[in-house]
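One structure is given below, encoded as structure tokens.
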Amino acid sequence: MMASAAGSGGEPDKPRNRVSDAVLRSVGFLSFFDRFGTPPMLVVLADRTGLSLGQAVQLVAAYALLYAIGQPVWGLLSDRFGRLAILRTALAGVLVGSVASALSGSYVPLLLARAFTGLMAGALYPTLMTILGDTRTGIERARGLSDLQIYSSLGTTIAALATGTLAALVDWRLVFVLPAVGCLVLLILLRGLEIDGHSGRGGVRLGHAFSPSALGIYGLAVLEGAVLMGILTYIVPALQHAGVGVSLAGMLAAGFGVGVILGARIMRRLVQGFTRTQLIAIGGAVLVTAFLVSSLWHVPAALTTTAVLVGVSNAVLHSSMQGWATDIAPQARATSVALFAGSLFLGSSLQNFVTAGLADDRQYGTIFLLGLVASIFLTVIAALGHASWKQKQT
């Protein structure tokens, strides 16, 4: 997966001028492995460190909160200093934060280490999207975004499958060491790389990133983050509460990644016959169905179905929202994309903080019911909002 970053095939001494698809996909894989690596091992982590389950959930929430808070800053810096400078800085920061997490063993140091890691990891995926927006067009850009969806979902899937088992059978610290190693490899692959043009310097109109339409999509992203990412945190703990072992729970929760991959394949056909507004409505309907199932039934089969359907919705709904975000302010694309991603993870973090008490009381049915209500609002508002925005553009 960590393939060579060979660029444009010039002379050996000349700087390469294109981030290879392999490196972009690898960064996407790593960022989501790190983001979703902690939830599957929450119960084991709490047992081994003496934390309560609520405190363990707060580690995930702190990561997501700092991930979100840093987005506007990363976007501004990317538009000012260039995409690659931010990408390298973020990888180095995740490396340091992951090592610090592995060396920590109590609540406060772990909370600080995970928060710092989230802050640095927050720059990765938005920067990938911006690089794709800057250096690819048309079908190539659409395929690039679709590939990012697939590889990031693979990161999520492998995290769900492996991290709980690694934590239980080996050591929870290994889950934090693996991203550090990946960051080191990627930093080596990015040596000597420069992007010709589209560096993110000059010609930036930041006011466009704060237009009413842009602010509207950021608000939608907060709600989307709460239902697509925040509630996903509880799939593995809910499965364990239903009597499933940690390894099997991880395998069942990995249905999310399977759903994303399946949804991405379906999406390639849907885009040929449906508008983006219709795709948002379709993806939202799938999300509503996902949470309807788990709010009515709390058995492993229902929870697994929810994981798969949330993955399908991620591929259809979220990729459509991402495409909208990259178009909303092309004159300040890095800033607007970063604000979109930050809003997404802000919603995820707020949802985790708000529901941590419910998780402590093992009230997972209530959590999924909240997700059902929120997904209905998201689907209706997002579809109508995009239709209105699109009409103003024509």
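Relative contact order of the chain, taken over Cα pairs closer than 8 Å and 6 or more residues apart, is 26 percent.
Our estimate of slack between Val181 and Ser211, defined as 0.36 nm per intervening residue step minus the Cα-Cα distance, is 6.8 nm. Can you classify the chain as rounded, prolate or oblate using the Cα gyration tensor, where a ≥ b ≥ c are the square roots of its eigenvalues, rounded means a/c under 1.5, and otherwise it's prolate if a/b beats b/c and oblate if not? Oblate shape, in that a/c is at least 1.5 and b/c is the bigger or equal ratio.
Protein heavy-atom accessible surface, 1.4 Å probe, per residue over the chain: 38 Å².
Prolate is the label for the range 212-254, because a/c, from the alpha-carbon gyration tensor with a ≥ b ≥ c as root eigenvalues, is 1.5 or above and a/b exceeds b/c. The overall shape of the range 217-366, judged from the alpha-carbon gyration tensor, is oblate: a/c is not under 1.5, and a/b is no greater than b/c. Spin-label model, Ile188/Thr275: points 7 Å from Cα along the beta carbon direction are separated by 5.1 nm. Accessible surface of the chain, 1.4 Å probe: 66 percent of it comes from carbon and sulfur atoms. The local environment of Ser348, defined by Cβ-Cβ distances under 11 Å, has a net charge of 0 under the rule Lys, Arg +1 and Asp, Glu -1.
The values are calculated or read from the model by the stated rules, or taken from the named source; none is laboratory data. Since the model is a prediction, treat every value here as computed from it, not as a measurement. All Cβ positions, even for glycine, are placed from backbone atoms using ideal geometry, and neighbour counts span all protein chains on display. The accessibility values were calculated without ligands, DNA or RNA, using every heavy atom of the protein model including side chains. Shrake-Rupley method; radii C 1.70, N 1.55, O 1.52, S 1.80 Å.
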